[in-house]
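Enquirer: Take a look at this one; I'll ask things after.
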Amino acid sequence: MITWRRLRESDFPLLRTWLAQPHVARWWCHETTAEAVARDFGAAARGEEPSEDLLVSVDGEPVALVQRSRFADYPQEWAELVGQVELPEGTATVDYLVGDPGRVGRGLGPRIIRAVVAATWTDHPDVTAVIVPVHAGNRPSWRALEKAGLHRVGEASLEPDNPVDDRAHYVYRTDRPAL
């Protein structure tokens, strides 16, 4: 059973471990010091930022992180995508990682993405679509999006998370289901 809750500061040591895993570090390219994790995840964990950092568990065991946010709450990210793909009002996005290396490549990513996107329609009734840009070189990530039911709607030139990457991104989308 997949469940999630807001990330807490007490989860930061686990998150640091995940961010240091090679399969995560390659694409997230995040500092893993205690100070860096507290700086970058602390405000969301304390509810001081509009994004939701969700600790995802399978059968009670933490395995992943999903960040869910609205593009309107982050104008810089919105501005970078505007003109490259259609961004309807009320668009949300997710970012995700499966931290446990033993769980990678077993279909967990698509299951988590599918579940969080489905919950988004209930949790945030004003969200009209979920749009996810992913680096074109990150095949496991964009394949997970496809398996979760999102569709590639375009390509975009965006600042990469990892400075060794070029700006090529695929953009995936799913719309709120009709009633």
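The values are calculated or read from the model by the stated rules, or taken from the named source; none is laboratory data. Note that the structure is a prediction, hence the values are computed from the model and not measured. Here Cβ is always computed from backbone atoms with ideal geometry, including for glycine, and neighbour counts include all displayed protein chains. Accessible surface areas use protein heavy atoms only, side chains included; no ligands, DNA or RNA. Shrake-Rupley method; radii C 1.70, N 1.55, O 1.52, S 1.80 Å.
Enquirer: Go through segment 163-179 and count every residue that is in contact with a strand residue (DSSP E or B) (Cβ under 8 Å, 6 or more places away or on another chain), farther than 17 Å from Ala92 by Cα and either open to solvent by 90 Å² or more (accessible area, probe 1.4 Å) or not in a strand (DSSP E or B) (or both).
Expert: Summing the residues that are in contact with a strand residue (DSSP E or B) (Cβ under 8 Å, 6 or more places away or on another chain), farther than 17 Å from Ala92 by Cα and either open to solvent by 90 Å² or more (accessible area, probe 1.4 Å) or not in a strand (DSSP E or B) (or both) in segment 163-179 gives 2.
Enquirer: Consider only pairs whose beta carbons are under 6 Å apart and that are at least six residues apart or on different chains; among these, list those whose first residue lies in segment 90-118 and is touching a residue at least 12 places away in the same chain (Cβ under 8 Å) and at positive phi and whose second residue is outside any helix (DSSP H, G or I) and open to solvent by 10 Å² or more (accessible area, probe 1.4 Å).
Expert: Listed by first residue and then by second, the contacts come to Gly90/Asp126; Gly90/Thr128.
Enquirer: Restricting to segment 116-170, name every residue that is out of contact with any helix residue (DSSP H, G or I) (no Cβ under 9 Å at 6 or more places or on another chain) and of a type in the set (Ser, Thr, Tyr).
Expert: Thr120, Thr122, Thr128
Enquirer: Just checking, does segment 60-83 include any residue being surrounded by fewer than 18 Cβ atoms within 10 Å (Cβ to Cβ), in a loop (DSSP other than H, G, I, E, B), out of contact with any Leu (no Cβ under 9 Å at 6 or more places or on another chain) and modelled with pLDDT of 95 or more?
Expert: Yes: one or more hits.
Enquirer: How many residues are surrounded by 14 or more Cβ atoms within 10 Å (Cβ to Cβ), touching a strand residue (DSSP E or B) at 6+ places or on another chain (Cβ under 7 Å) and not in a helix (DSSP H, G or I) when one looks only at segment 37-51? Break it down into steps so the answer makes sense when it comes.
Expert: Looking only at segment 37-51, we keep the residues that are surrounded by 14 or more Cβ atoms within 10 Å (Cβ to Cβ), and these are 37-38, 40-45, 49, 51.
Add one more test, that the residue is touching a strand residue (DSSP E or B) at 6+ places or on another chain (Cβ under 7 Å), and what stays is 41, 44-45, 51.
The next check asks that each one be not in a helix (DSSP H, G or I); those that pass are 51.
The total comes to 1.
Enquirer: Report every pair of residues separated by at least 6 positions or lying on different chains whose Cβ atoms are under 8 Å apart, first residue within segment 1-19 and farther than 13 Å from Val63 by Cα and part of a strand (DSSP E or B), second open to solvent by 20 Å² or more (accessible area, probe 1.4 Å) and not small (Gly, Ala, Ser).
Expert: Within 8 Å, the pairs are Arg6/Glu52.
Enquirer: Would you point out which residue out of Gly90, Gly42, Gly47, Gly83 is in contact with a helix residue (DSSP H, G or I) (Cβ under 7 Å, 6 or more places away or on another chain) and not hydroxyl-bearing (Ser, Thr, Tyr)? It would help to see each step written out before you state the result.
Expert: On the way: Gly90 fails: in contact with a helix residue (DSSP H, G or I) (Cβ under 7 Å, 6 or more places away or on another chain); Gly47 fails: in contact with a helix residue (DSSP H, G or I) (Cβ under 7 Å, 6 or more places away or on another chain); Gly83 fails: in contact with a helix residue (DSSP H, G or I) (Cβ under 7 Å, 6 or more places away or on another chain).
Unique residue meeting the criteria: Gly42.
Enquirer: Looking at segment 133-167, which of its residues are under 13 Å from Glu80 (Cα atoms) and touching a residue at least 24 places away in the same chain (Cβ under 8 Å)?
Expert: Taking segment 133-167 and keeping what is under 13 Å from Glu80 (Cα atoms), we get 133, 155-160, 167.
Across segment 133-167, the qualifying residues are Pro133, Glu155, Ala156, Ser157, Leu158, Glu159, Pro160.
Enquirer: Can you pull out every residue in segment 6-27 that is open to solvent by 40 Å² or more (accessible area, probe 1.4 Å) and not small (Gly, Ala, Ser)?
Expert: Answer for segment 6-27, where residues must be open to solvent by 40 Å² or more (accessible area, probe 1.4 Å) and not small (Gly, Ala, Ser): Arg6, Arg8, Glu9, Pro13, Leu14, Arg16, Thr17, Gln21, Pro22, His23, Arg26, Trp27.
Enquirer: Hey, another quick one. Would segment 106-119 turn up any residue that is of a type outside the set (Lys, Arg) and part of a strand (DSSP E or B)? Walk me through how you get there before you give the answer.
Expert: Here is the first cut: in segment 106-119, the ones of a type outside the set (Lys, Arg) are 107-110, 112-113, 115-119.
This time we only want the ones that are part of a strand (DSSP E or B), so: none.
Within segment 106-119, none of the residues are of a type outside the set (Lys, Arg) and part of a strand (DSSP E or B).
So that you can scan it fast, the table gives a plain yes or no per residue for (1) touching a strand residue (DSSP E or B) at 6+ places or on another chain (Cβ under 7 Å); (2) open to solvent by 20 Å² or more (accessible area, probe 1.4 Å); (3) among the basic types (Lys, Arg):
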residue	(1), (2), (3)
Leu87	yes, yes, no
Thr93	yes, no, no
Leu97	yes, no, no
Arg103	yes, yes, yes
Pro110	no, no, no
Ala115	yes, yes, no
Thr122	no, yes, no
